[in-house]
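Please read the structure below before turning to the comments.
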Amino acid sequence: MTDTLATPTKTAEIVQERRIVTAIPGPKSVALQERRLAVVPVGVSSALPVYIERAHGAIVIDVDGNQFIDLGAGIGVMTIGHTDEAVISAASAQLGAFTHVMFTITPYESYVRVAELLAEHTPGDFAKKTVLLNSGAEAVENAVKIARKYTGRTGVAVLDHAYHGRTNLTMAMTFKSMPYKLGFGPFASDVHHAPNSYPFRDGLSGADAAARTIAYLEKAVGASDLACLVVEPIQGEGGFVVPADGYLPALQEWCTANGIVFIADEIQSGMARTGAYFASEHFGVVPDMVLSAKGIAGGLPIAGVTGRAEIMDASHPGGLGGTFAGNPVAASAAIAVFDSIESRGLLAEGARIERALKPALLALQQKYDVIGDVRGIGAMLAIELVRPGTTEPNPTAVSAITAFAAQHGVLLLNAGTWGNVIRFLPSLAISDALLAEAIGVLDDALASLES
Ligand SMILES: *Cc1c(COP(=O)(O)O)cnc(C)c1O
């Protein structure tokens, strides 16, 4: 038994437990890091230079045999859990059939099936169509392309603290300069950043925050010049900012009244992470377009733009596509993810994780005044850290806590414009016991700040 633990040969043999057996990083990781620094540019950095060998469920295991509780899930990609059996078998079967023919030359069924599933599970009871791409940023780019073609307008509105990607257009749409934009310009034009709703920092009601956003866009741009407004229903990199009640519906109403395509970037918040297929459902909005990527295919790269059929059909034939876009192996994995959400009742798991984690985080807030805010929905929760007694951002505490947690076998991710948020976005496969154990480590980390 112990031998199996030391050298699991199959991922399914990885016991769901935390186990630290070397210094972090261990000697093998240190050696790999040296090789990496010689050949990989520093611009590609890693939060924790621990090299991963295997993973299963909510546990990742490094080359030195350390096992970590993964509360980041590769930024919300492994929603279904690492090395999920259904995903592996669907992708493996497709690998043996064909790996590429290119949908825009000779099509195949799995692409069509993913489009059917997205039409069925995105909000809204109307005809929808989907174009598949490779990455989240590529989905955002295509959504803007289509909205421009449909409206005949060029303006793109986004919100403060948004994150939409690292390509040229999506850098322009992303809020935070460092590290995403600094020195990488010039950026695409006609992109307009408007104030968002950030209840912890602005104290505004949804109606007042929406009035502020709309007033800004009407004064600074003019509604009739806007092709689209792109919003994350819960902001991801921006710090899991949940807008005040009524904010998103008011924006949607304004978009509809002014012929502006209302686009929900659900790349981080979608695919069952919040206990609904898409987080838009929690806020009572039905976007004209929904963007999905991260969690959609159990770690394989695929992304979708799903929207009202009449909008999606605005592009002429040949206007949309890409060599690897809608890759059949990734598409098969996506179908397995959708099937698993249904057959294993995974929508309920987001709510279970919220029930296990949120009261524990609120209890820690009572205990430690460095926690200014606890927020989020389902398996998309966060704490915002401040200088005690103020709302001044406290990124130093976040760095100390994530470093402490890594040393103790818990992978925690930061977020936020000021880097002062810790986000919890574990896989839906994580047990209540592992969550409780991770909370214990977080408690110790918070206590260590004070000593
Ligand atoms: C990650 C992310 C993107 C970009 O996706 P990539 O696959 O990294 O290009 C865009 N929008 C949101 C909300 C994201 O979280």
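Each reported figure results from applying straightforward, stated rules to the coordinates on display, with no laboratory input. From a predicted model like this one, the values you see are computed outputs, not experimental measurements. All Cβ positions, glycine included, derive from the backbone under ideal geometry; neighbour counts span all protein chains shown.
Taking the Cα centre of region 87-343 as origin, sum charge times position over the Cβ atoms of Lys and Arg (+1) and Asp and Glu (-1), and report the length of that vector in debye to the nearest 20.
For this selection, approximately 620 debye.
At a threshold of 8 angstrom on Cα-Cα distance, excluding pairs fewer than six apart, so keeping six or more, what relative contact order does region 87-343 reach in percent?
So the answer I get is 30 percent.
Quote the FRET efficiency, to the nearest 0.05, computed for GLU53 versus THR99 with a Förster distance R0 of 25 Å and r equal to the Cβ-Cβ distance.
0.55
Can you give the extra length, in nm with one decimal, that the chain gains between THR22 and GLU218 once fully stretched, where that is 0.36 nm per residue apart less the Cα-Cα distance?
Value of the extension gain: 64.8 nm.
At 7 Å along the Cα-to-beta-carbon direction for both HIS316 and SER177, put a label point, then send me their distance in nm to one decimal.
Output for this residue pair reads 4.0 nm.
Name the GluC sites (Glu not before Pro) in region 206-270 that are in a loop by DSSP and that have at most 15 other C-beta atoms within 10 Å, would you?
Answer in residue order: no site qualifies.
Nearest 5 percent is fine: what portion of the DSSP beta bridges confined to the chain is antiparallel?
Roughly 65 percent of the beta bridges in the chain run antiparallel, per DSSP.
On full extension of the chain, what length is gained from PHE184 through GLN366, given 0.36 nm per residue of separation minus the C-alpha to C-alpha distance?
Length gained between PHE184 and GLN366: 61.3 nm.
Say R0 is 45 Å: what FRET efficiency, to the nearest 0.05, do PHE200 and VAL42 get from their beta-carbon distance?
The calculated FRET efficiency here is 0.85.
So if we plug the beta-carbon distance of THR391 and GLU85 into 1/(1 + (r/R0)^6) with R0 = 51 Å, what FRET efficiency do we get, rounded to 0.05?
According to the calculation, E is roughly 0.65.
Anything in the chain that counts as a DSSP H helix reaching 24 Å or more along its axis (C-alpha) with Kyte-Doolittle mean of at least 0.5? List them, would you?
Answer set is 432-450.
For the chain, what class follows from the C-alpha gyration tensor (a ≥ b ≥ c being the square roots of its eigenvalues): rounded when a/c is under 1.5, otherwise prolate if a/b is larger than b/c, else oblate?
Because a/c hits 1.5 or more and a/b fails to exceed b/c, the chain counts as oblate.
Once you order the gyration tensor axes a ≥ b ≥ c over the Cα atoms, which shape class does region 87-343 get: rounded for a/c under 1.5, otherwise prolate or oblate by comparing a/b with b/c?
Prolate shape, in that a/c is at least 1.5 and a/b is the bigger ratio.
Using 7 Å Cα-to-Cβ label points, what is the THR106/ALA127 separation (nm, one decimal)?
3.0 nm
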